[in-house]
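Note sheet for the following structure.
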Amino acid sequence: MNLMFFSLLVGKSILDRNGEKIASLKDLIVRINPIVGKSEEKYPPLAGILAHSNSREFWIPAAQVQEFEQGKIRLYDAKVSLERFERRDGEILLYKDVLDKQLVDVEGRRVIRVNDLALGNAPNEITPRLVGVDISFQALVRRILPFGGTPRVSRLSRNENLLDWADVEYFASSAPSVRLNVSHERLAKMHPVDIARLLDELSYVQGAEIVNALDDETAADALEEMNPDYAADILEGLSEDRAADILEEMQPDDAADVIADLDENKAQALLELMEEEESEEVRELLAYDEDAAGGIMTNDFLMLPENLGASEALQAIREVETQPEFVDYIYVVEADSEKLVGVAALRDVVFCQPRTTLLSELIVRDYISMKTDSKAEDAAAVLADYGFRALPVLNEEGEIKGIITFDDALDLILPEDLRRRLPNIFKNHRGMVSFVKK
């Protein structure tokens with residue numbers, strides 16, 4: 001397949017069957033299926049040419065093109081419609097809608113900028129197809145300088161600069177004037193951390209488009225990995241119902257951080273739309289100062305009364321409707337109270353004998369805790385100094401109101417580029433660090 005580069009086609013003469021110039025090429029139109037977000041074939045075929053002649057623009061359908069090569073565009077005849085061009089659903093213009101826009105390189109898991117586009121003819125086909133994306137610096141030189149040169153490329157191969165169109169994802173928001181629904185199914189299969197990194201590099205509009213294409217759980221996981229204020233901007237681009245559904249799937253502390261960065265009216269509207277239980281958990285956390293221990297804690301943890309036996313405790317944990325993200329420790333309270341009496345490692349409860357052993361006999365009573373109004377930095381320092389996986393946060397009456405996990409403390413200790421990696425190490429290795437007694 002001989003490749004043709006779009007930048008070298010712009011301005012080329014369009015000839016009739018006798019070789020007489022009738023217009024110049026201004027743009028190319030390809031058709032992407034407006035339902036599934038991609039052409040029925042692997043590569044979108046040319047739908048037509050946007051031509052220019054004597055200050056008039058008009059459309060030439062692909063079926064009227066007899067020859068289409070880098071140096072020659074010839075029509076079957078010179079009869080063309082001079083009616084004003086109006087594109088149909090699913091049609092995108094390469095110059096207007098794709099060139100210089102951001103796409104996602106799915107294979108490379110990165111955001112790219114389109115510097116040029118490659119077209120090619122399949123065997124026995126006259127109509128060219130959009131087959132590649134050129135992101136090289138040479139592509140910019142080719143467009144800017146008259147002596148930029150014609151690249152000698154005869155086939156697509158995976159490399160850093162010339163990407164297969166099948167390996168990239170286009171954004172419907174890049175062509176807002178037409179109906180174009182892009183599924184982003186391949187992005188949805190990525191790890192939430194990879195999705196979050198892509199979202200960080202995209203505009204809010206593009207980010208909202210991707211998040212809107214994800215299921216609620218995946219979207220929540222990805223937003224949890226992001227800076228809360230940027231995640232809030234993305235949620236602003238979604239419908240309130242969808243935003244509320246995603247917030248319900250997020251950890252309460254992460255959801256509270258995001259909601260705190262929203263406009264007050266928007267925040268209240270989303271809290272009203274959320275399920276009552278999830279909404280109440282978030283409201284509780286929003287009541288604390290963001291610089292206090294209460295402001296960085298989560299109220300999603302395991303809390304059981306001290307008079308339960310080990311087997312009863314495990315059965316109670318199994319019956320919890322939504323399993324907390326952090327389950328290394330059980331926070332043991334007085335019966336019919338939330339007053340904390342000690343902390344037990346889950347592994348001790350699982351392996352203890354006899355199985356009737358009470359939680360009160362398995363706990364560490366001289367635990368370290370923080371008050372809800374303690375400084376967040378002090379809580380983070382305690383976690384780092386003692387190597388705890390989590391730290392209970394109590395009110396003035398000694399009642400446990402939440403816990404601060406080690407990964408939340410890292411947000412205050414480490415630079416952003418490093419803390420985005422380390423928390424996931426701990427999330428993926430839970431249960432490997434036992435409770436450390438003071």
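For this structure, a couple of remarks:
- Between 29, 49, the distinction of being over 24 Å from residue 185 (Cβ atoms), in contact (Cβ under 8 Å) with a residue 60 or more places away in the chain, outside any helix (DSSP H, G or I) and of a type in the set (Val, Ile, Thr) belongs to 29 only.
- Hits in segment 81-119 - residues which are touching a Pro at 6+ places or on another chain (Cβ under 9 Å), surrounded by 15 or more Cβ atoms within 10 Å (Cβ to Cβ) and part of a loop (DSSP other than H, G, I, E, B): 90
- Where a residue in segment 349-371 is touching a residue at least 60 places away in the same chain (Cβ under 8 Å) and its partner, wherever it lies, is among the acidic types (Asp, Glu) and open to solvent by 40 Å² or more (accessible area, probe 1.4 Å), with Cβ under 9 Å and at least six apart: 370/378; 371/396
- Some residue of segment 283-292 being closer than 30 Å to residue 235 by Cβ, in contact with a Pro (Cβ under 7 Å, 6 or more places away or on another chain) and in contact (Cβ under 8 Å) with a residue 24 or more places away in the chain: yes
- Listed by first and then second residue, the pairs linking a residue in segment 1-19 that is without any contact (Cβ under 8 Å) to a residue 60 or more places away in the chain to a residue that is of a type outside the set (D, E, K, R) and surrounded by fewer than 16 Cβ atoms within 10 Å (Cβ to Cβ), with Cβ atoms under 7 Å apart and 6 or more places separating them unless they lie on different chains, are 11/24.
- Matching residues, segment 120-132, being part of a loop (DSSP other than H, G, I, E, B) and either among the β-branched types (Val, Ile, Thr) or open to solvent by 10 Å² or more (accessible area, probe 1.4 Å) (or both): 121, 122, 123, 124, 125, 126, 127
- Selection from segment 348-396 of residues that are in a loop (DSSP other than H, G, I, E, B), over 17 Å from residue 284 (Cα atoms) and open to solvent by 30 Å² or more (accessible area, probe 1.4 Å): 353, 354, 355, 356, 362, 365, 366, 367, 369, 387
- In segment 84-99 there is no residue matching the filter, namely being more than 29 Å from residue 171 (Cα to Cα) and over 31 Å from the mean Cα position of the chain (by Cα).
- Subset tally (residues that are within 26 Å of residue 380 (Cα to Cα), more than 24 Å from the chain's Cα centre (by Cα) and either in a loop (DSSP other than H, G, I, E, B) or not acidic (Asp, Glu) (or both)) for segment 258-299: 14
- Residue that is surrounded by the most Cβ atoms within 10 Å (Cβ to Cβ), among those in segment 236-278 that are under 20 Å from residue 291 (Cα atoms) and β-branched (Val, Ile, Thr): 258
- For residue 228: the one exception among (1) farther than 23 Å from residue 401 by Cα; (2) out of contact with any Leu (no Cβ under 9 Å at 6 or more places or on another chain): (1)
- Of the candidates 152, 143, 158, the single residue that is closer than 27 Å to residue 198 by Cα and modelled with pLDDT under 90 is 158.
- Those helices (runs of 4 or more DSSP H) lying entirely in segment 196-252 with at least 2 residues touching a strand residue (DSSP E or B) at 6+ places or on another chain (Cβ under 9 Å): 204-213
- Yes/no for residue 330 being within 19 Å of residue 370 (Cα to Cα), open to solvent by less than 10 Å² (accessible area, probe 1.4 Å), modelled with pLDDT of 95 or more and out of contact with any Lys or Arg (no Cβ under 8 Å at 6 or more places or on another chain): yes
- Only residues that are in contact with an Asp or Glu (Cβ under 7 Å, 6 or more places away or on another chain) and within 20 Å of residue 396 (Cβ to Cβ) were counted in segment 267-292, giving 2.
The values are calculated or read from the model by the stated rules, or taken from the named source; none is laboratory data. Values in this document were obtained by computation on a predicted structure and should not be read as measured data. Virtual Cβ from ideal backbone geometry, glycine too; neighbours counted across all protein chains shown. Note: areas computed on protein heavy atoms with side chains; ligands, DNA, RNA excluded. Shrake-Rupley method; radii C 1.70, N 1.55, O 1.52, S 1.80 Å.
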